[in-house]
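Here is the structure we will look at.
Every number in this text was worked out from the coordinates using simple rules, so none of it is lab data. From a predicted model like this one, the values you see are computed outputs, not experimental measurements. Here the Cβ positions follow ideal geometry from the backbone for every residue, glycine too, while neighbour counts run over all protein chains shown.
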Amino acid sequence: MVLESKHLRADERRDLTVRTVVDLAAEQNPSEITTAAIAKRMNVTQGALFRHFPNKDAILEAVVDWVADRLLRRLDEAAAGASGALDALEAMFMAHIEFIVLHPGVPRMLFGQLQSPGSTPAKRMAKALLKRYSERLHKLMEQGKQSGGLDADLDVDNASVLFIGTIQGLVMQSLIAGNVAQMRAQAPAVFAIFRRGIGVQP
């Protein structure tokens, strides 16, 4: 679908560019997305695109920044409404899954950046996102240990790795199956197993 982008303010045009890249990443190999394809989807010229971004790398940086801002905000909002550490972790898990279902191009973009050779600004930003995500999990799990909701001997470092890795596993399987929405049905049972592993044992 061609997106209308005429008569937009500069910030609106930049945001639309980012969302266009995320949409395109859901349809094709992110590494093969060209500025020509982005401009065509937006119904603008490449010249118009480059008035807001100096090059493709700058666009990718903006995409990672957009993902980080929206994903972390969604996780924080989900955790804030929970009554305890376990419930907060579950809310974050489900919020992350829903974010991917709504934006299936996101994991394809991030995986591509993290696997690319060398160090690029977008890759560094993607790694920073994972670090900020892990810090949130660490803090929440430590609070849970203190309050008694989580196992006092819980290895927080590895539990955080497992939390993120479990989501990544669901995402990869859904992408292979070509049905990202299937994660909605799988996530509750998968998290229940994780929950039993980190909660206080009877």
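With Rg and Dmax of the Cα atoms in Å in mind, check (1) 17.5, 49; (2) 18.8, 64; (3) 15.8, 46 and report the label derived from this structure.
(2)
Fewest first, what order do T34, T20 take by the number of other Cβ atoms within 10 Å?
The most exposed by this proxy come first: T34, T20.
Over the chain, what is the relative contact order in whole percent, taking alpha-carbon pairs under 8 Å and six or more residues apart?
So the answer I get is 21 percent.
For the chain, what is the calculated [θ] at 222 nm in deg cm²/dmol (nearest 500), taking -39500 (n - 2.57) for each run of four or more DSSP H residues and dividing by its residue count?
Theoretical 222 nm ellipticity from helices: -24500 deg cm²/dmol.
Would you list M172, M94, M109 from fewest to most Cβ contacts within 10 Å?
Ordered from fewest to most neighbouring Cβ atoms within 10 Å, M172, M94, M109 come out as M172, M94, M109.
Could you size up the charge dipole of the chain around its Cα centre, putting +1 on the beta carbon of Lys and Arg and -1 on that of Asp and Glu, and report it in debye to the nearest 20?
580
Quick check on the exposure proxy: order L71, L89, L162 from fewest to most C-beta atoms within 10 angstrom.
So the residues, fewest neighbours to most, are L162, L71, L89.
Which lysines, if any, have their Cα less than 16 Å from the Cα of K56, not counting same-chain residues under 8 positions apart?
K40, K123
Counting residues in the range 1-90 as N, plug N into 2.2 N^0.38 Å and put the Cα Rg over that result.
Dividing the Cα Rg of the range 1-90 by 2.2 N^0.38 Å gives 1.34.
Subtracting the Cα-Cα distance from 0.36 nm times the residue separation, let me have the gained length for A58 to A80 in nm, one decimal.
4.6 nm is the gain from fully extending A58 to A80.
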